[in-house]
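Enquirer: First, the structure itself, so that you have it in front of you.
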Amino acid sequence: MKLHAPQTACALALCLTAVGSTAFADDIACGTSYAIQSGDSLSAIANNAYGAGGDFQIIYSANAAAIGPNPGVIRVGTTLNIPCLDEEVVASTADTAAITQIETTDSLPAPITDMIRVVAGGNWAPFLNEDQAQGGMLTEIVNVALDTAEGNPEYRIDFINDWGAHLTPLISDHRYDFSLAWFQPNCDIVERLGDGSKFRCNNLMWSETLFEQILGYYTVVGTAVPETHADLMGKTICRPAGYSMFMLEEHELVEPNVTIVRADTPQACFTGLADGTYDVVALATEASDGVIASEGLSEVVTYNEPLSQVLTLHAVISNTNPNAEAYLKTLDDSLIEMKTSGAWFEIVRRHLSEARAANQS
């Protein structure tokens, strides 16, 4: 449910306070609750709680149900839990023996019946990373969910280095049941979407949300502040090569309405933004924070909070898989239990805190 500020308590414009501004002077102690005040924004709240506005991703993860699907629109009076980033880490319970790495140059094994087989792609820290002990945040979430699922199903998780092969043929041919992890486009407006998103809408079933990632739109300090996605029409938008485009397609931010540039890396997008090559960078906030800090662009680049979008990441299974409904229920029931018990957030907090520490080192 989308949460809007009541007009009697807070005009919408006040709820969308620009990054860096604050409506209050006192610090916010982590481990406590905080009631949203007029003029607040998630980034301002995070700035007072942690000293860095980019850490609002973890506040959103802890309060997604209360905030709703738009982190740029927050309601006065809503109570937020402010988690501590550096409190004692809860040790992982993931069974890492269930994770293997397979080179696609090898012959793939035949499908195994009566076993839930999961394929994951790597090199996407902190979400999916074969070099981490638990295989990254999303791998650990699914690993723990299946390990604690009702009925104790047999399962295994394989890292395969060819993302392009995951949906076809590995998932579509049922060699694997689930693939980790994919953003879910808005299939209600499938006519606006590109071919890749249309394929996902027409051929996949989606698990319970594994993680909600916040997409940010970044511009240069001193330029006109966009208030809506329509204000980006006519601009040059940089989105790194290989990254999904459905979130821009949903707002009709496509050629010829805008000029899309697919730079090789996020760093190239932000350096191009700083030197005037691009007008806008569209990238997830937790990825942007590290790049902006490493490139020394904190005083040059600004995050436009009202344009924030929540992107949901899921395990996907082919809708022609004969076990699709049963396997989805097994996974989803366990994921819901993890969220209810707090186990899901403990995994999220640990991985985001470790990523934050790495970005600041």
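Enquirer: May I ask you to say which residue of S244, S298, S288 is within 17 Å of the chain's Cα centre (by Cα), closer than 28 Å to A125 by Cα and assigned to a loop (DSSP other than H, G, I, E, B)?
Expert: Result: S244 is the single residue among S244, S298, S288 that is within 17 Å of the chain's Cα centre (by Cα), closer than 28 Å to A125 by Cα and assigned to a loop (DSSP other than H, G, I, E, B).
Enquirer: Now for a separate question. Have a look at L273, L232, L297, L248 and point out the one that is closer than 23 Å to R200 by Cβ and surrounded by 18 or more Cβ atoms within 10 Å (Cβ to Cβ).
Expert: Unique residue meeting the criteria: L248.
Enquirer: What pairs come out if I take residues in the stretch 92-108 that are at pLDDT 85 or above and hydroxyl-bearing (S, T, Y) and pair them with residues that are surrounded by 15 or more Cβ atoms within 10 Å (Cβ to Cβ) and part of a loop (DSSP other than H, G, I, E, B) whose C-beta lies under 6 Å away, six or more apart or interchain?
Expert: If the second residue must be surrounded by 15 or more Cβ atoms within 10 Å (Cβ to Cβ) and part of a loop (DSSP other than H, G, I, E, B), the pairs left are S92/Q134.
Enquirer: Given the condition of a type in the set (A, V, I, L, M), crowded, with 20+ Cβ neighbours inside 10 Å and in contact with a Ser or Thr (Cβ under 6 Å, 6 or more places away or on another chain), answer yes or no: does some residue in the stretch 301-315 qualify?
Expert: The answer is yes, given that some residue of the stretch 301-315 is of a type in the set (A, V, I, L, M), crowded, with 20+ Cβ neighbours inside 10 Å and in contact with a Ser or Thr (Cβ under 6 Å, 6 or more places away or on another chain).
Enquirer: Right, next: Cβ-Cβ under 8 Å, sequence separation 6+ or interchain: first residue in the stretch 222-241 and at positive phi, partner open to solvent by less than 70 Å² (accessible area, probe 1.4 Å) and not in a strand (DSSP E or B). Which pairs?
Expert: Cβ pairs passing all conditions: G234/N257; G234/V258.
Enquirer: Regarding the stretch 182-201, can at least one residue be identified that is modelled with pLDDT of 95 or more and farther than 15 Å from S244 by Cα?
Expert: Within the stretch 182-201, not a single residue is modelled with pLDDT of 95 or more and farther than 15 Å from S244 by Cα.
Enquirer: Give the number of residues within the stretch 249-280 that are under 22 Å from the mean Cα position of the chain (by Cα), closer than 17 Å to L193 by Cα and either modelled with pLDDT of 95 or more or in a loop (DSSP other than H, G, I, E, B) (or both).
Expert: Looking only at that region, the number is 6.
Enquirer: Moving on to the next point. Give me a count of the residues in the stretch 285-294 that are buried (at least 18 other Cβ atoms within 10 Å of the Cβ) and either within 10 Å of T271 (Cα to Cα) or among the aliphatic types (A, V, I, L, M) (or both).
Expert: Residues that pass the stated criteria total 3.
Enquirer: Quick one: which helices (runs of 4 or more DSSP H) sit completely within the stretch 1-89 and have at least 2 residues that are open to solvent by 50 Å² or more (accessible area, probe 1.4 Å) and at pLDDT 70 or above?
Expert: Per the criteria, no element qualifies.
Enquirer: Residue check, F159 against (1) open to solvent by 60 Å² or more (accessible area, probe 1.4 Å); (2) of a type in the set (F, W, Y); (3) touching a residue at least 60 places away in the same chain (Cβ under 8 Å), all met but one. Which one?
Expert: (1)
Enquirer: Sticking with this structure for a sec: Considering only the stretch 193-216, I want to know if a residue exists there that is crowded, with 18+ Cβ neighbours inside 10 Å, touching a Phe, Trp or Tyr at 6+ places or on another chain (Cβ under 6 Å), of a type in the set (A, V, I, L, M) and assigned to a loop (DSSP other than H, G, I, E, B).
Expert: Yes, the stretch 193-216 has at least one match.
Enquirer: Assess whether R349 counts as being among the basic types (K, R), open to solvent by 20 Å² or more (accessible area, probe 1.4 Å) and at pLDDT below 95.
Expert: So R349 fails the test.
Enquirer: For the stretch 307-319, does any single residue satisfy the condition of being among the β-branched types (V, I, T) and part of a loop (DSSP other than H, G, I, E, B)?
Expert: no
Enquirer: Are any of the residues in the stretch 116-138 open to solvent by 10 Å² or more (accessible area, probe 1.4 Å), at pLDDT 95 or above and not aliphatic (A, V, I, L, M)?
Expert: no
The values are calculated or read from the model by the stated rules, or taken from the named source; none is laboratory data. All values reported here derive from a predicted model rather than from experimental measurement. For neighbour counting, all protein chains shown are included, and Cβ atoms are generated from backbone atoms with ideal geometry for every residue, glycine included. Only protein heavy atoms, including side chains, enter the accessible area calculation; ligands, DNA and RNA are left aside. Shrake-Rupley method; radii C 1.70, N 1.55, O 1.52, S 1.80 Å.
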